[in-house]
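> If you scroll down you'll find the structure; I have some questions about it.
The values are calculated or read from the model by the stated rules, or taken from the named source; none is laboratory data. Being a predicted model, the structure only gives us computed values, none of them experimental. Using ideal geometry, Cβ is built from the backbone for each residue, glycine included, and neighbour counts are taken over all protein chains shown. The protein model used for the area step is the full one, side chains on, heavy atoms only, and it has no ligands, DNA or RNA in it. Shrake-Rupley method; radii C 1.70, N 1.55, O 1.52, S 1.80 Å.
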Amino acid sequence: MIRLWQRVGKVRALAVLVLVAGLVGGLLIANRQTQHNATAEPVQAADAASLPRASSGTPSADAGTTEAQSKAQDAASAAAAQAKAAEDAARKKKEEEASRSTRPAGEPSYPAPASCGVYTGNRNTGCTLMVAAGFALGQMPCLDKLWQKESGWNPLSHNKSSGAHGIPQAVPGDKMAAYGPDWYKDAATQIKWGLNYIKGRYKTPCGAWGHSQNTGWY
């Protein structure tokens, strides 16, 4: 009986030791977990702070988009201006080439004006009607010199000795009535007649001007 009791006492003592060891182990594990969490939290916070934040449509992003659109519009405007300049240059070159191709040998040659807009008054009307009649713009300097010599572009210019009248100095002046009843003083009527006369007799204004330089008349 005494031995049995001794055995029971040993078993109880062993159980107590196991229980105490378990409690000590649990406390150690809990302490280590607490230290690990305390160490991990600052690291996680630092990692989170270092990550880039996603854009949420801030004013700076909107401003960047507006600036990009503005630059794109400026680039488009510049390209359009360059295209127009190239088109104008090509048109001017084509007109100059057409003028040279229709000018017979021996005709005087002058730089073509940029447009009829460089002239004013009756000279502007003459340039516009000349181009409408099918002459190249490069013919205008010759026409300008021709009728400046003949009448000073004055529709009321009249030569009493010859009866020549108007801007083109038609002889007699009433020939121009075929182009309008107001032939005596209307510049456009006189210019239309004069251009038709030049085309039928000298082919071009420069042809008429060349003849006038050589003979004194056309």
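> Could you run through the stretch 140-171 and say how many residues are open to solvent by 50 Å² or more (accessible area, probe 1.4 Å) and in contact with a strand residue (DSSP E or B) (Cβ under 9 Å, 6 or more places away or on another chain)?
Summing the residues that are open to solvent by 50 Å² or more (accessible area, probe 1.4 Å) and in contact with a strand residue (DSSP E or B) (Cβ under 9 Å, 6 or more places away or on another chain) in the stretch 140-171 gives 4.
> In addition: Hey, could you check the stretch 82-108 for residues that are among the small types (Gly, Ala, Ser) and surrounded by 14 or more Cβ atoms within 10 Å (Cβ to Cβ) and say which is modelled with the lowest pLDDT? Break it down into steps so the answer makes sense when it comes.
Restricting attention to the stretch 82-108, the residues satisfying the condition of being among the small types (Gly, Ala, Ser) are 83, 85-86, 89-90, 98-99, 101, 105-106.
Imposing the further condition that a residue be surrounded by 14 or more Cβ atoms within 10 Å (Cβ to Cβ) reduces the set to 98-99.
On the way: ALA98: 57, SER99: 51.
My answer is SER99.
> Scan the stretch 176-191 and report the pairs whose first residue is in contact (Cβ under 8 Å) with a residue 12 or more places away in the chain and under 14 Å from ALA164 (Cα atoms) and whose second residue is open to solvent by 30 Å² or more (accessible area, probe 1.4 Å) and among the basic types (Lys, Arg), with Cβ atoms within less than 9 Å and a gap of 6+ or a chain change.
As it stands, the answer is MET176/LYS192; TRP183/LYS175, since those pairs meet every condition given.
> Here is a follow-up. Scan the stretch 109-121 for residues that are part of a helix (DSSP H, G or I) and exposed (fewer than 11 other Cβ atoms within 10 Å of the Cβ) and jot them down. Walk me through it before giving the result.
Here is the first cut: in the stretch 109-121, the ones part of a helix (DSSP H, G or I) are 116-118, 121.
Within the stretch 109-121, GLY117, GLY121 meet the criteria.
> Still on this structure: If you take the residues of the stretch 172-218 that are among the aromatic types (Phe, Trp, Tyr) and over 15 Å from LEU156 (Cβ atoms), which of them is surrounded by the most Cβ atoms within 10 Å (Cβ to Cβ)?
Within the stretch 172-218, the first condition is being among the aromatic types (Phe, Trp, Tyr), and the residues that meet it are 179, 183-184, 193, 197, 202, 209, 217-218.
Filter once more, keeping what is over 15 Å from LEU156 (Cβ atoms): 179, 193, 197, 202, 209, 217-218.
On the way: TYR179: 18, TRP193: 22, TYR197: 16, TYR202: 20, TRP209: 25, TRP217: 12, TYR218: 22.
Per the criteria, the residue is TRP209.
> Kindly indicate whether LEU137 is of a type outside the set (Gly, Ala, Ser), within 22 Å of SER109 (Cα to Cα), surrounded by 20 or more Cβ atoms within 10 Å (Cβ to Cβ) and in contact with an Asp or Glu (Cβ under 6 Å, 6 or more places away or on another chain).
Working: of a type outside the set (Gly, Ala, Ser): yes; within 22 Å of SER109 (Cα to Cα): yes; surrounded by 20 or more Cβ atoms within 10 Å (Cβ to Cβ): yes; in contact with an Asp or Glu (Cβ under 6 Å, 6 or more places away or on another chain): yes.
Spelling it out, LEU137 is indeed of a type outside the set (Gly, Ala, Ser), within 22 Å of SER109 (Cα to Cα), surrounded by 20 or more Cβ atoms within 10 Å (Cβ to Cβ) and in contact with an Asp or Glu (Cβ under 6 Å, 6 or more places away or on another chain).
> Testing ASP74 on (1) open to solvent by less than 90 Å² (accessible area, probe 1.4 Å); (2) of a type in the set (D, E, K, R); (3) modelled with pLDDT of 80 or more, one condition comes back false. Which one is that?
(1)
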